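A.B. asks: This is the structure, below, for whatever I ask next.
Bear in mind these aren't lab numbers, they're just calculated from the coordinates by the rules spelled out. These numbers come from a predicted model, not from an experiment. As a convention, Cβ positions derive from the backbone with ideal geometry for all residues, glycine included, and neighbour counts pool all protein chains shown.
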Amino acid sequence: MRTGSIEVQARTDGSLCVAAIVAAMLFPQALIAAGPVPDFSAPEPHEALSAGAATSRKSPNRDAFSHPSANMAFGRRLDFTVGNGVFRKLWVSAPSSTTSSDGLGPLYNARACQRCHLKDGRGRPPTANWPEEEAVSLFLRLSVPPRDDADRRALAAYLITVVPEPTYGGQLQNLAIPGQVAEGKMHVDYSEETVVMSGGETASLRRPRYSVTNLGYGPMRPDTMMSPRVAPPMIGLGLLEAVSEADILSRADPEDRDGDGISGRPNWSYDAQARAVRLGRFGWKAGQPSIRQQNAHAFAGDIGISSPTVPDASGDCTAAEAACRAAPHGARPGDHEVGEILLDKVAFYARNLAVPMRRGVDRPDVLAGKALFHAAGCVACHRPTSMTRGEGVAPEQAGQLIWPYTDMLLHDMGEGLADDRPEGAADGREWRTPPLWGIGLTGTVSGHTFFLHDGRARSVLEAILWHDGEARAARDRVMAMTPDDRAKLIAFLESL
């Protein structure tokens with residue numbers, strides 16, 4: 001170990017690895033919280049199979065996120081294919097001769113799920129503001145503080161997680177079908193800030209500032225809270241849904257009783273299908289309890305498509321948007337624009353998008369980077385493993401040891417990443433720990449390397465440097481590493 005750095009050598013000859021000793025001496029609380037310290041001299045058993053038996057072993061090309069669970073029976077592949085078709089479908093405005101595809105909008109952000117989740121991967125912020133470019137896979141959530149006791153009671157009971165802005169609803173729709181007026185255009189300005197790390201290495205972070213221009217229906221309320229959201233990757237969702245609620249809650253420590261500075265908290269949301277409040281798992285603030293409900297709200301808010309879970313055929317249109325609410329819709333009598341069967345097929349597809357197999361798990365630099373990841377305390381939130389339930393879930397997800405690198409809890413990420421917009425139990429500084437599996441294939445699949453909830457980070461390192469709040473100590477340890485150690489850490493992350 002060199003003075004001023006964390007020096008770890010991941011050995012491949014089977015000799016004693018000093019990384020575990022260094023990690024345990026320097027950061028015992030973070031490591032105890034995350035479980036036993038692994039042996040960093042070689043990969044752990046089954047570590048390359050990030051999703052257990054469901055892991056895809058296909059070549060890591062542009063389609064790496066679009067394969068079905070590897071353990072899926074042949075007879076179930078048709079459901080996956082049908083769900084994929086609905087996910088990729090380009091919707092059109094009603095009425096249309098293609099009655100199975102009409103119902104778009106009237107106000108919307110994209111014409112297909114695939115338009116936001118690029119190749120089933122991560123969306124990106126626009127490279128320029130409107131009119132040079134329309135934002136598609138980054139949009140603005142909108143809400144206001146509770147207006148009365150009824151709002152406060154509904155929020156306290158988790159029957160709702162936010163109060164939508166009265167005129168523009170819960171999401172700014174920047175596109176509209178012919179004859180309608182779009183709600184407005186998101187505008188983002190960046191300022192650059194230089195960060196100096198040990199060894200003289202520097203990085204430039206871009207700090208975004210969001211505003212809305214071209215409002216189509218008058219001013220928003222002055223107390224409107226806006227939160228940018230980029231579309232997250234779709235892989236492994238069914239496995240995260242299959243982790244037991246008890247296991248996730250066992251990791252929560254809202255009062256930080258163990259004194260490690262990490263205070264993971266659960267979010268809660270009303271599950272319309274179960275008719276009960278459930279643990280939130282999906283979305284940047286864990287605001288949705290199930291894949292099916294997450295999909296239904298995306299259909300409504302992003303595309304303007306109704307479903308049994310969100311039955312309003314006008315999507316997110318409010319009473320103030322009278323022309324939108326009066327526009328034709330694509331729902332058949334007694335049904336919705338996406339009915340029960342198709343909604344279930346899309347949920348099946350989303351539940352079974354496979355996580356790719358790890359790459360280079362036995363490379364010395366990757367093993368050294370893994371040791372550094374543990375030593376820095378990153379595993380306190382990015383928990384490496386979970387076990388899915390053996391009963392009550394589909395066969396593809398049952399009883400799998402998975403490596404998602406998330407605790408699925410909310411954490412205070414500091415003022416720099418704060419959106420100052422509560423959502424359910426999440427306050428304006430809290431975000432759910434995002435899974436890291438597949439992060440190294442973002443560039444291959446989606447054609448970019450923009451990270452965090454709004455895509456402000458242009459690299460994995462920039463994303464790390466934005467960490468603050470509960471993650472400040474881990475970030476500072478990364479900044480204190482030598483450039484060579486940081487390179488090993490990044491090599492590990494890019495192997496996921």
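A.B. asks: Compute the acute angle (0 to 90°) between the alpha-carbon long axis of helix 340-351 and the principal axis of greatest extent of the alpha-carbon atoms of the chain; round to the nearest 10°.
C.D. replies: Helix 340-351 and the main axis of the chain meet at about 20 degrees.
A.B. asks: Output ³J(HN,Hα) for segment 421-435: one whole-Hz value per residue in order, computed from phi by the Karplus curve 6.51 cos²θ - 1.76 cosθ + 1.60 with θ = phi - 60°, and x for Gly and Pro.
C.D. replies: 10, x, 8, x, 7, 6, 8, x, 10, 9, 9, 6, 4, x, x
A.B. asks: Also: Set the bar at 25 Å for Cα to Cα. Now go through LYS58/LYS345; LYS285/LYS488; LYS285/LYS370 and name every pair that lies beyond it.
C.D. replies: LYS285/LYS488; LYS285/LYS370
A.B. asks: Only Lys, Arg, Asp and Glu count, each charged at its Cβ (+1, +1, -1, -1), so figure out the dipole size of segment 300-422 about its Cα centre, rounded to 20 debye.
C.D. replies: For this selection, approximately 600 debye.
A.B. asks: Check GLY304: other-chain or 5+ apart residues with amide H under 5 Å from its amide H, H built from backbone geometry?
C.D. replies: Close amide H contacts, sequence-distant or interchain: GLY105.
A.B. asks: Net charge around HIS448, counting only other residues with Cβ within less than 10 Å of its Cβ (Lys, Arg = +1; Asp, Glu = -1)?
C.D. replies: With Lys, Arg at +1 and Asp, Glu at -1, the net is +3.
A.B. asks: List the GluC sites (Glu not before Pro) within segment 101-169 that DSSP assigns to loop and that have no more than 12 neighbouring Cβ atoms inside 10 Å.
C.D. replies: Passing sites in segment 101-169 are GLU132, GLU133.
A.B. asks: Next question. How big is the antiparallel share of DSSP beta bridges in the chain, given as a percent to the nearest 5?
C.D. replies: Taking every DSSP beta bridge within the chain, about 95 percent pair in antiparallel fashion.
A.B. asks: Over all alpha-carbon pairs in the chain, figure out the percentage whose distance exceeds 39 Å.
C.D. replies: Roughly 22 percent, once rounded to a whole number.
A.B. asks: Could I ask something else about it? Please work out the FRET efficiency for the pair SER59 and ASP149, using the Cβ-Cβ distance as r and a Förster radius of 41 Å; give the result to the nearest 0.05.
C.D. replies: Efficiency computed from Cβ-Cβ geometry: 0.10.
A.B. asks: Which trypsin sites (Lys or Arg not before Pro) does segment 243-315 hold that lie in a coil by DSSP with at most 15 other beta carbons within 10 Å?
C.D. replies: For trypsin sites (Lys or Arg not before Pro) across segment 243-315 that sit outside H, G, I, E and B with at most 15 neighbouring Cβ atoms in 10 Å, the list reads ARG257, ARG275.
A.B. asks: Only four residue types carry charge here, +1 at the Cβ of Lys and Arg and -1 at the Cβ of Asp and Glu. Report the dipole size of the chain about the Cα centre in Debye, rounded to the nearest 20.
C.D. replies: The dipole of the chain has a size of about 1040 debye.
A.B. asks: With a cut-off of 8 Å between alpha carbons and a minimum separation of six or more residues, what is the relative contact order of segment 77-170 in percent?
C.D. replies: Contact order relative to length: 17 percent.
A.B. asks: Another question, then. Straight-line reach from LYS89: which aspartates and glutamates have Cα under 12 Å away, leaving out those fewer than 8 places along the same chain?
C.D. replies: ASP102
A.B. asks: Now a separate question. Normalised by the number of residues in the chain, what is the relative contact order in percent for Cα pairs under 8 Å and 6+ residues apart?
C.D. replies: With pairs under 8 Å counted, the relative contact order is 23 percent.
A.B. asks: Related question: About its Cα centre, what dipole magnitude does segment 380-496 give when the only charges are +1 on Lys and Arg Cβ and -1 on Asp and Glu Cβ, stated in debye to the nearest 20?
C.D. replies: Charge dipole of segment 380-496: 320 debye, to the nearest 20.
A.B. asks: Okay, moving on. Could you derive backbone 3J(HN,Hα) for segment 407-418 from the dihedral phi with the Karplus parameters 6.51, -1.76 and 1.60 (θ = phi - 60°), listing whole Hz in sequence and x where the residue is Gly or Pro?
C.D. replies: Once θ is set to phi - 60°, the couplings for segment 407-418 become 9, 6, 10, 8, 9, 6, 9, x, 5, x, 9, 5 Hz.
A.B. asks: For segment 72-81, in order, what is each residue's ³J(HN,Hα) by Karplus, 6.51 cos²θ - 1.76 cosθ + 1.60 with θ = phi - 60°, in whole Hz (x at glycine and Pro)?
C.D. replies: Karplus-based 3J(HN,Hα) across segment 72-81 equals 6, 5, 4, x, 9, 5, 5, 4, 4, 5 Hz.
A.B. asks: 5 Å is the cut-off here: which amide hydrogens, built 1.01 Å from N in the peptide plane, fall below it relative to SER101, excluding neighbours closer than 5 in sequence?
C.D. replies: none
A.B. asks: Restrict the search to segment 364-455; then list the GluC sites (Glu not before Pro) that DSSP places in a loop and that have at most 11 other Cβ atoms within 10 Å of their Cβ.
C.D. replies: Listed in order of number, the matching sites are GLU391, GLU415.
A.B. asks: Further question: Between ALA394 and residues 5 or more places away or on another chain, which pairs have amide H atoms under 5 Å apart, with H built 1.01 Å from N, and which residues are they?
C.D. replies: Hits under the 5 Å cutoff: none.
A.B. asks: May I pose another question? For the charge dipole of the chain, defined by +1 on Lys and Arg C-beta atoms and -1 on Asp and Glu C-beta atoms about the Cα centroid, which residue among VAL144, THR98, MET413 has the Cα displaced farthest towards the positive pole?
C.D. replies: The residue sitting farthest along the positive end of the dipole is THR98.
A.B. asks: Rounded to two decimals, what ratio of Rg to Rh does segment 40-105 give with C-alpha atoms and a Kirkwood Rh?
C.D. replies: 1.21
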